[in-house]
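Working notes, beginning with the structure itself.
The values are calculated or read from the model by the stated rules, or taken from the named source; none is laboratory data. Every value quoted in this text rests on a predicted model; they were computed, and no experiment measured them. With ideal geometry, Cβ positions are generated from the backbone for all residues, glycine too; neighbour counts draw on all protein chains shown. Areas reflect the complete protein model, heavy atoms only, side chains present, ligands, DNA and RNA absent. Shrake-Rupley method; radii C 1.70, N 1.55, O 1.52, S 1.80 Å.
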Amino acid sequence: QVQLVESGGGLVQPGGSLRLSCAASGIIFSMKAMGWYRQAPGKQRELVAGITSAGSTNYADSVKGRFTISRDNAKNTVYLQMNSLKPEDTAVYYCNTLLAVQVIWGQGTQVTVSS
């Protein structure tokens, strides 16, 4: 059974930082590309950052220079370090991966940026 479990969300002031984690099980994690997405109220889910099995990364323009995606294959975990947070970063953050033709999602973790 494939499972992705996100953690690390919370309430933070503008300019603050958070680190999200996504622990994977049921997959050969080291061979999988992983992604972080977010969905704000009333908006579509959007890609935030992705990392390949080889460690190559890509980012949405809105988070470049502020967010960093990384992975620890020994811990089957992908991270999203978020710095200089803005109110517009407020959303539910999800990690995902692809299993054959099926996209697997975690349950999400809420990030709220507010003073």
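Scanning region 70-89 for residues that are open to solvent by less than 60 Å² (accessible area, probe 1.4 Å) and more than 15 Å from Gly15 (Cβ to Cβ) returns Ser70, Arg71, Asp72, Asn76, Thr77, Val78, Tyr79, Leu80.
Residues in region 49-69 that are out of contact with any Leu (no Cβ under 7 Å at 6 or more places or on another chain) and surrounded by 15 or more Cβ atoms within 10 Å (Cβ to Cβ): Gly50, Ile51, Tyr59, Val63, Arg66, Thr68. Pairs are defined by a Cβ separation below 8 Å, a sequence spacing of at least 6 or placement on different chains, a first member in region 58-85 that is at positive phi, and a second member that is assigned to a loop (DSSP other than H, G, I, E, B) and open to solvent by 50 Å² or more (accessible area, probe 1.4 Å); the pairs so defined are Ser84/Gly15; Ser84/Ser17.
For residues that are loosely packed, with under 13 Cβ neighbours inside 10 Å and in a strand (DSSP E or B), scanning just region 11-42, find the one that is modelled with the highest pLDDT. So, considering only residues that are loosely packed, with under 13 Cβ neighbours inside 10 Å and in a strand (DSSP E or B), the one modelled with the highest pLDDT is Leu11. Against the conditions (1) β-branched (Val, Ile, Thr); (2) modelled with pLDDT of 95 or more; (3) more than 15 Å from the chain's Cα centre (by Cα); (4) open to solvent by 60 Å² or more (accessible area, probe 1.4 Å), Val101 satisfies every one except (2).
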